[in-house]
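S.K.: Shown below is the structure under consideration.
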Amino acid sequence: MTAVSSGDARVPRHEAVKIHSHYLKEPLASELSQPTTHFSEAAAQVLKFHGSYQQDDRDQRQALRQQGLERAFSFMLRTRQPGGHVPPLLYRTLDDLADRYGNGTLRVTTRQTFQLHGVLKANLQTVIQEIVRQMGSTLATCGDINRNLMAPPAPFRNRPSYRYAQEYARRLSNLLLPRTRSYYELWIDDEEIPIPELPALQKLPRIHLDDPVEPLYGNQYLPRKFKCAITVPDDNTVDIYSQDIGLIVITDAKGQLRGFNILVGGGMGRTHNKEETFPLLGQPLGFAPVDAIETVIQAILAVQRDYGNRHDRKQARMKYLVHQWGIRKFRQVVQQYAGMKLKPWHPIPPFPSGVNYLGWQPQGDGKLFLGLSIPTGRIRDTETCRLKTALRRINEEFALPVQLCPTQDLILTDIEPAWRGRITHILREHGVPLPDELSPLRQLGMACPALPTCGLAITESERVFPDLLQQIETVWADLGLGDTPLIVRMTGCPNGCARPYLAEVGLVGTSPGYYQVWVGASPNGDRLAQVLWEKVALTDLPQALRPVFAYYKQERYMGERFGDFCQRVGVTRLQELVA
Ligand code: SRM
Ligand code: SF4
């Protein structure tokens, strides 16, 4: 990595940008007021901490280059929604902003946030200001810092563990936010807008730095992005093993919160042909009682802050630190930082498979919720399905809070039973299919955005996924498997944004039009997939999978899922089938 001078020391460029940013301000602030279409590399890096990525329309790149024109720059904005919770007014604002300043779509992400694409530099301030005005935020949704905190989105009001998961998603999200005021200084120029205050961090001697602004992060922030989720023992929709820190709520027999089982060191990202990069599952660190959890979480983060690799960004995620040290040493150092010993992991059964919140379900308080499948998370209107308008209509008539799901789906909550007929009518009127009209493959499939917005995409994902899924579904149904669930996930590169290494069939872009095929992950998310084939053309994928599916149909045990079957027979046997 290139090093640049930073005072006395020579530090890598990425680190120097953070240090010179004066707590996430410069050179972003100076460049914001300039009449340009885009930012310098350093400003774009700082911008990420404010929740936005500089992108360009990759469909137009070549033509513009040939004409000697600059790229068609625009910005993606990502919101912060701990536990996926979106109040009705914020939903309406985001829907408006997508039309007025974005590309007319809203995208539910795999970490329960919303993304707006296509915002021009000149409009960034207006859009962020409107989001903050409605008590929303984009702060720290990207960059080398803790990202959106996930939790099971189901609004089961009568199940305390779900409530604790949501409550702690909010609390820990606030705890791990940066303390700099740069975000508000840069984007808010309307004094009427209430600026949220965070409580000062209570000084923890071994964990907090002697830094006047950022006691937890310091002026260099983290070596790399950092991701946390909380779940409950009978629900792994958040893919808890893929997180830097995964917490599992543990309650006593009366439903009182006792504390949290803690997993550390999960992550998906890898790079093709770089063997030293790989996906990893989180490992059990131990159990922390309620009154210790905030200290322990900060201690884990501080260990990654101090020992994570700041020289090689491909080795900088905490998963590599845990992997290199081993869980025992990692635990020891966390305990030193926290100044306490962790308790042993509280035994819990394996997570169940097949938890999903689609369709109408009781909330447990007399009200209902409705889980809607959002294909590839993209809320938009097409000729046949006017999903965006339908959701807007429901929002205007009923002002329902929304919960975003880690599966790129969405839940409308707090529905009076008497409203069910009207809501169903609105959805039908706009051509929106109800989940029970969709095949299991459609309900469960996920694809990352890839082209044309993602700067790292090697090939297509979101745009080809619906057709591909339909073809895979046809093969699956031809074999008489139509009612059997199958988790298919696709990404346009190996970074793993749709968590394909935790899918029963994971399709990972390798070169334009070609995909690596991974199989054998556990449907409950506690086992990684393995590579079945290195490179298959998009057009060949459905037929390539046919003999493997046929073998599964013939040889599976009763009730055995495809992912478990592939693991049992092994990829070598499956490869022989098609050889
Ligand atoms: Fe991701 C980078 C989209 C969840 C691993 N991810 C990107 C960027 C920002 C590309 C970039 O850096 O220029 C993508 C923007 C595309 C676009 O046009 O919108 C992008 N990631 C997404 C989203 C929108 C995919 C989706 O289908 O929803 C998800 C937004 C989540 C959010 O709301 O915060 C998203 N990304 C994930 C996940 C899944 C998760 O977090 O549960 C992963 C794998 C888990 C992990 O982090 O290990 C993931 N994204 C990456 C990586 C690889 C990180 C690594 O450790 O190597 C990158 C590239 C990087 O960081 O260098 C990346
Ligand atoms: Fe982009 Fe790759 Fe993430 Fe897809 S997996 S959004 S192509 S970085």
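S.K.: State whether one or more residues within region 550-568 are farther than 16 Å from I487 by Cα, modelled with pLDDT of 95 or more, surrounded by fewer than 13 Cβ atoms within 10 Å (Cβ to Cβ) and among the aromatic types (F, W, Y).
M.R.: The answer is yes; a qualifying residue exists.
S.K.: Considering only region 484-499, how many residues are touching a Phe, Trp or Tyr at 6+ places or on another chain (Cβ under 6 Å) and within 12 Å of ligand 2 (Cβ to nearest atom)?
M.R.: Start the filter on region 484-499 by keeping residues that are touching a Phe, Trp or Tyr at 6+ places or on another chain (Cβ under 6 Å), which leaves 486, 490.
So of that shortlist, the ones also within 12 Å of ligand 2 (Cβ to nearest atom) come out as 490.
Here the count works out to 1.
S.K.: Right, here's the next one. What's the number of the condition V238 fails, among (1) β-branched (V, I, T); (2) under 22 Å from P344 (Cβ atoms); (3) buried (at least 24 other Cβ atoms within 10 Å of the Cβ)?
M.R.: (2) is the only condition that V238 fails.
S.K.: Of all the residues that make up region 452-467, how many are within 11 Å of ligand 2 (Cβ to nearest atom) and either β-branched (V, I, T) or within 18 Å of the chain's Cα centre (by Cα) (or both)?
M.R.: Counting residues in region 452-467 that are within 11 Å of ligand 2 (Cβ to nearest atom) and either β-branched (V, I, T) or within 18 Å of the chain's Cα centre (by Cα) (or both) gives 9.
S.K.: Restricting to region 479-507, what's the tally of residues that are without any contact (Cβ under 8 Å) to a residue 60 or more places away in the chain and more than 15 Å from ligand 1 (Cβ to nearest atom)?
M.R.: Count: 3.
S.K.: Let me ask another. Do you know which residues across region 453-468 are within 8 Å of ligand 1 (Cβ to nearest atom), of a type in the set (A, V, I, L, M) and in contact (Cβ under 8 Å) with a residue 60 or more places away in the chain?
M.R.: Result: A457, single match.
S.K.: Take L444 and tell me if it is away from ligand 2 (no atom under 15 Å from the Cβ) and either crowded, with 22+ Cβ neighbours inside 10 Å or closer than 30 Å to A44 by Cβ (or both). Working first, answer last.
M.R.: Details: away from ligand 2 (no atom under 15 Å from the Cβ): yes; either crowded, with 22+ Cβ neighbours inside 10 Å or closer than 30 Å to A44 by Cβ (or both): yes.
Considered against the rule, which asks whether it is away from ligand 2 (no atom under 15 Å from the Cβ) and either crowded, with 22+ Cβ neighbours inside 10 Å or closer than 30 Å to A44 by Cβ (or both), L444 comes out as yes.
S.K.: Of all residues in region 401-425, which are over 27 Å from the mean Cα position of the chain (by Cα), of a type in the set (A, V, I, L, M) and crowded, with 18+ Cβ neighbours inside 10 Å? Can you show your working first?
M.R.: Keep residues of region 401-425 that are over 27 Å from the mean Cα position of the chain (by Cα), which gives 416-425.
In the following step, the residues that additionally are of a type in the set (A, V, I, L, M) were identified as 418, 423.
I423 - this is the single residue of region 401-425 that is over 27 Å from the mean Cα position of the chain (by Cα), of a type in the set (A, V, I, L, M) and crowded, with 18+ Cβ neighbours inside 10 Å.
S.K.: Looking at (1) in contact with a strand residue (DSSP E or B) (Cβ under 8 Å, 6 or more places away or on another chain); (2) within 29 Å of L451 (Cβ to Cβ); (3) part of a helix (DSSP H, G or I); (4) not acidic (D, E), which is the one condition that is false for Q575?
M.R.: All conditions pass for Q575, except number (2).
S.K.: Something else now. Being over 26 Å from C454 (Cβ atoms) and not small (G, A, S) narrows it down to one residue among H50, H14, H22; which is it?
M.R.: Working: H50 fails: over 26 Å from C454 (Cβ atoms); H14 fails: over 26 Å from C454 (Cβ atoms).
None of the others qualify; the one that does is H22.
S.K.: Looking at (1) farther than 28 Å from R78 by Cβ; (2) in contact with a helix residue (DSSP H, G or I) (Cβ under 7 Å, 6 or more places away or on another chain), find the lone condition where D381 falls short.
M.R.: Checking D381 against (1) farther than 28 Å from R78 by Cβ; (2) in contact with a helix residue (DSSP H, G or I) (Cβ under 7 Å, 6 or more places away or on another chain), the one that fails is (1).
The values are calculated or read from the model by the stated rules, or taken from the named source; none is laboratory data. Source: prediction; values computed, not measured. Positions of Cβ are backbone-derived with ideal geometry, glycine not excepted, and every protein chain shown enters the neighbour counts.
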